[in-house]
């Protein structure tokens, strides 16, 4: 029964994640096909490229909020600590829900299984885990972005920082290894979705964002 509830939590997360807000905004507000503009990726960064920074930030913030809300519901209300692991058990339930959101973002059943790269969803995961981890990872993201001006590189570095933070924060508690492994697998899946970006970073051809005013 416990595993069934956990599977149901994952399924709900998947359905929530399948509602890709990047697709919704670009299709019904921007009247564009996000797959045919910019990088062709159904994510907040490409929304920013095709519709402007304001829309891109709004979509990313909404995706973070969506995964955070449902992750927190799974953590504190249903199913909660199914296996008697205390705080780690509660976090695990929330993480499973967000994992469903992540898979839904990658392969949305409502959009022919063509989705995004899950970076914003991972933002919601951090708040579910611990707001302090969110702040650490956010600081890392902004620092790398300021130094190298590549959103993809910032996201990839954060994918390393996240499981390290989870291990450090939860190490004294029972079940911390399981929680860390699950989170690490989620980060690895985000890395896999960025394979094209990794190749371009190595080749020195990855797109950079402008942090200042463009020269006329």
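The values are calculated or read from the model by the stated rules, or taken from the named source; none is laboratory data. This structure is a prediction, so every number in the text was calculated from the model and none was measured. Quick reminder, even Gly has a Cβ in these numbers, built from the backbone with ideal geometry, and neighbours come from all protein chains shown.
Being without any contact (Cβ under 8 Å) to a residue 24 or more places away in the chain and under 20 Å from the mean Cα position of the chain (by Cα) is the filter; apply it to the stretch 191-201 and report the residue that is surrounded by the fewest Cβ atoms within 10 Å (Cβ to Cβ). Of everything passing the filter in the stretch 191-201, 195 is surrounded by the fewest Cβ atoms within 10 Å (Cβ to Cβ). Out of 54, 89, 38, 44, one residue alone is on the phi > 0 side of the Ramachandran plot and modelled with pLDDT under 95. It is 38.
Of all residues in the stretch 67-76, one or more are closer than 27 Å to residue 196 by Cα and either in contact (Cβ under 8 Å) with a residue 12 or more places away in the chain or surrounded by fewer than 23 Cβ atoms within 10 Å (Cβ to Cβ) (or both). For residues that are touching a helix residue (DSSP H, G or I) at 6+ places or on another chain (Cβ under 8 Å), part of a helix (DSSP H, G or I) and in contact (Cβ under 8 Å) with a residue 12 or more places away in the chain, scanning just the stretch 25-42, find the one that is surrounded by the fewest Cβ atoms within 10 Å (Cβ to Cβ). By that ranking, first place goes to 25. For residue 108, are the conditions met, namely being without any contact (Cβ under 8 Å) to a residue 60 or more places away in the chain and under 16 Å from the mean Cα position of the chain (by Cα)? Considered against the rule, which asks whether it is without any contact (Cβ under 8 Å) to a residue 60 or more places away in the chain and under 16 Å from the mean Cα position of the chain (by Cα), residue 108 comes out as no.
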